[in-house]
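**Student:** The following block contains the structure, expressed as structure tokens.
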Ligand SMILES: [Zn+2]
């Protein structure tokens, strides 16, 4: 996919552009080391601004998410090490890059919560303590909910374009719902029965259900690194 996509709409901001770029649906740097080398990494046409805005968001999110996934997991192999390298000052090429890496590292360290300061509510479903570590030895950190929502919406728009060639435009909208495994039960049954699964290596899996009478509407389950699950939908706003 070396050639540029040509003029048209940006999948994200829906504005018309003379020049667009290919942007990765799942960030290129997020594919774990266990990804088959010949796997096609989904790309979609976007404008330069959306591409760079999401690039920044994803860079920040990856450091956070990488610290919550199992460092020994097959679906997340190499992700933790990659995130650590991205905040390693000595690996920066040039003074500016080193300063940026240091700032990033300090920001991450400042956001850490330790032991009893860790809230018991608002833990992202599935990412809470799961290794039987006593509370006094636990470390947590806040991930802005809006960052996950934006990242999820980006994926939903990208997958819809990639699979149906459609832009998600008003009156349709994307909604993201962070829910725990119990509340997801009815959804899970629907995904099992009607969902189509798209596997992008062990690091990314998408299940999508499309109602036959409303082709743009859909429900999604997106699993990252075999652990991090996002549920989302595209629905039509009634006026
Ligand atoms: Zn755009």
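Readers should treat all values here as calculations from the given coordinates under stated rules, not as data from a laboratory. If you're wondering where the values come from, they're calculated on a predicted model, not measured in any experiment. Using ideal geometry, Cβ is built from the backbone for each residue, glycine included, and neighbour counts are taken over all protein chains shown.
**Student:** Return 159, 148, 123 ranked ascending by Cβ neighbour count within 10 Å, so the fewest neighbours appear first.
**Tutor:** 123, 148, 159
**Student:** Kindly provide log₁₀ I(q)/I(0) values, in the same order as q = 0.16 Å⁻¹, from the Debye equation applied to equal alpha-carbon scatterers of region 167-236.
**Tutor:** -0.56
**Student:** Next question. Order 170-178, 112-120, 197-205 from most to least packed using the mean count of other Cβ atoms within 10 Å.
**Tutor:** Details: 170-178: 14.8, 112-120: 11.3, 197-205: 17.9.
Going from most to least packed, we get 197-205, 170-178, 112-120.
**Student:** If eta is 1.567 mPa s and T is 4 °C, what Stokes-Einstein diffusion coefficient results for the chain, Kirkwood Rh from Cα pairs, in µm²/s? Could you put the intermediate results ahead of the total?
**Tutor:** Details: Rh = 19.3 Å.
The calculation lands on 67 µm²/s.
**Student:** Tell me, what is the FRET efficiency for residue 49 and residue 136 to the nearest 0.05, using R0 = 35 angstrom and their Cβ-Cβ distance as r?
**Tutor:** On the way: r = 45 Å, r/R0 = 1.29.
Once rounded, the FRET efficiency stands at 0.20.
**Student:** At a 10 Å Cβ-Cβ cut-off, how would you order 168, 156, fewest neighbours first? Before the final figure, lay out the partial values.
**Tutor:** Numbers: 168 21, 156 25.
Fewest to most other Cβ atoms nearby, the residues stand as 168, 156.
**Student:** Let me ask you something else. Averaging sequence separations of C-alpha pairs under 8 Å and six or more residues apart, then dividing by the length of the chain, give the relative contact order as a whole percent. Walk me through the numbers before you get to the answer.
**Tutor:** On the way: 360 pairs, mean separation 46.1, N = 239.
Relative contact order, the chain: 19 percent.
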